[in-house]
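To start, the structure under review is shown below, and the notes come after it.
Nothing in this text is a laboratory measurement; each read-out follows from the coordinates by a stated rule. Quick caveat, the model's predicted, so the values are computed rather than measured. Cβ coordinates were reconstructed from backbone atoms using ideal geometry, including for glycine residues, and neighbour counts include every protein chain displayed.
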Amino acid sequence: MAEERVVLTTVDGGVATVTINRPDKLNALNAAVRTQFVAALNALREDPDVRVVVVTGAGEKAFVAGADIAEFEGRTAVDQFRVMKAYGVFEAAASFPRPIIAAINGFCLGGGCELAMACDIRIASEKAKLGQPEVKLGILPGGGGTQRLPRLVGFGTAAKLLFTGDMVDAREALRIGLVDEVVAPEALADRVRELAGAIAAMSPVALQLIKEALMASQRMPLDEGMRLETTLFGLAFASDDKEEGVKAFLEKRPAKFTGR
């Protein structure tokens with residue numbers, strides 16, 4: 001019997017859309033989703049035509065409502081450790097070498113919020129609800145919630161959300177910096193596509209180098225990050241895209257980047 005496809009991938013115009021497809025379960029992360037999501041991003045890494053990735057959830061109710069809690073019952077500490085090590089959903093998103101956008105169309109809780117935070121940009125529907133409710137289950141976030149959340153919203157705000165497990169709506173998420181833009185539900189797909197298309201039109205070489213520098217900014221002291229940025233800036237001058245970008249600017253025409 002063929003494995004049920006719970007993660008769907010489409011590619012159009014340099015933009016790949018990865019959809020978690022369990023709407024009846026609010027797109028909760030189970031073993032199949034974890035395995036297929038990692039496999040999807042690994043495949044997209046090898047596709048030179050993909051310049052931007054959009055991650056979203058199927059249906060109108062949820063981006064990802066969290067982990068599939070049914071899998072927690074009876075699971076031992078060793079079992080859970082192995083699960084977290086085997087299916088690196090959050091690492092796959094965070095380490096993806098090109099821009100990755102979360103299109104948050106509903107509940108974005110627990111592992112779903114952690115997945116969104118592992119993306120580079122978060123665009124939310126006005127109906128979105130975000131939070132880390134793990135404390136209400138007697139556990140804590142295990143996919144970066146205690147690490148990425150304070151980096152985005154500040155220590156005190158993160159502590160309040162993590163200690164209470166409270167959800168915030170999209171407007172509050174925007175105010176505290178958890179999401180980057182909020183749009184009407186019916187406008188979400190078009191806005192994300194517009195943004196992804198605008199990014200995809202840029203130099204793939206420059207995008208990858210910018211992503212490398214941005215990722216480093218989260219782990220390096222400022223002086224080390226500045227040295228890396230200078231190195232990557234020089235590296236960009238070895239690309240055909242740099243020559244095309246400069247020539248197009250001087251000729252007052254749109255650049256046609258090739259990624260070389």
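The fraction of all Cα pairs in the chain landing in successive 5 Å bins from 0 to the largest distance is 1, 6, 12, 16, 18, 17, 13, 9, 5, 2, 1, 0, 0, 0, given as whole percents. The string of couplings for region 226-233 from the Karplus curve (6.51, -1.76, 1.60, θ = phi - 60°) is 5, 5, 5, 4, 4, 5, 5, 4 Hz, one whole number per residue in order, with x for Gly and Pro.
Using a cutoff of 8 angstrom between alpha carbon atoms and counting only pairs six or more residues apart, the relative contact order for region 167-260 works out to 25 percent. Backbone amide hydrogens, once placed in the peptide plane, bring residue 128 within less than 5 Å of 170, excluding anything fewer than 5 places away on its chain.
Taking the Cα centre of region 122-210 as origin, work out the dipole magnitude from +1 charges on Lys and Arg Cβ and -1 charges on Asp and Glu Cβ, in debye rounded to 20.
Values: 11 positive and 10 negative charges, 52 e Å.
Dipole size: approximately 260 debye.
Packing, as the average of other Cβ atoms within 10 Å across residues, places the peptides 112-118, 247-253, 89-95 in the order 112-118, 89-95, 247-253, highest first. For the chain, relative contact order (Cα pairs under 8 Å, six or more residues apart, normalised by length) works out to 15 percent.
Among the DSSP beta bridges whose two residues both lie in region 99-218, what percent are antiparallel, rounded to the nearest 5? Before the final figure, lay out the partial values.
Numbers: 3 of 13 bridges.
Rounded to the nearest five, the antiparallel share is 25 percent.
Principal axis analysis of the Cα atoms in region 106-260 yields extents of 58, 41, 21 Å, listed in decreasing size.
A simple rule links phi to the HN-Hα coupling: the Karplus curve 6.51 cos²θ - 1.76 cosθ + 1.60 with θ = phi - 60°, which for region 135-152 gives 4, 6, 9, x, 10, 10, x, x, x, x, x, 7, 10, 7, 4, x, 5, 8 Hz, with x for Gly and Pro.
Roughly how many debye, to the nearest 20, is the charge dipole of the chain about its Cα centre, given +1 on each Lys and Arg Cβ, -1 on each Asp and Glu Cβ, and no other charges? Mind showing how you got there, number by number?
Numbers: 31 positive and 34 negative charges, 55 e Å.
In total the dipole reaches around 260 debye.
Working ranking of peptides 162-170, 216-224, 130-138 by packing, defined as the average number of other Cβ atoms within 10 Å per residue, highest first, is 130-138, 162-170, 216-224.
Placing unit charges on each Cβ (+1 for Lys and Arg, -1 for Asp and Glu) gives the chain a dipole about its Cα centre, and among 210, 106, 89 the Cα reaching farthest toward its positive end belongs to 210.
Here the translational diffusion coefficient of region 181-253 follows from Stokes-Einstein with Rh set to the Kirkwood radius across Cα pairs; for 37 °C and 0.692 mPa s it amounts to 225 µm²/s.
Roughly what % of DSSP beta bridges within the chain run antiparallel, to the nearest 5? Each step should come with its number before you reach the end.
Details: 9 of 32 bridges.
The answer is about 30 percent antiparallel.
Mind checking which lysines have their C-alpha under 24 Å from residue 61, skipping anything on the same chain fewer than 8 residues away? Filter leaves 25, 127, 129, 136.
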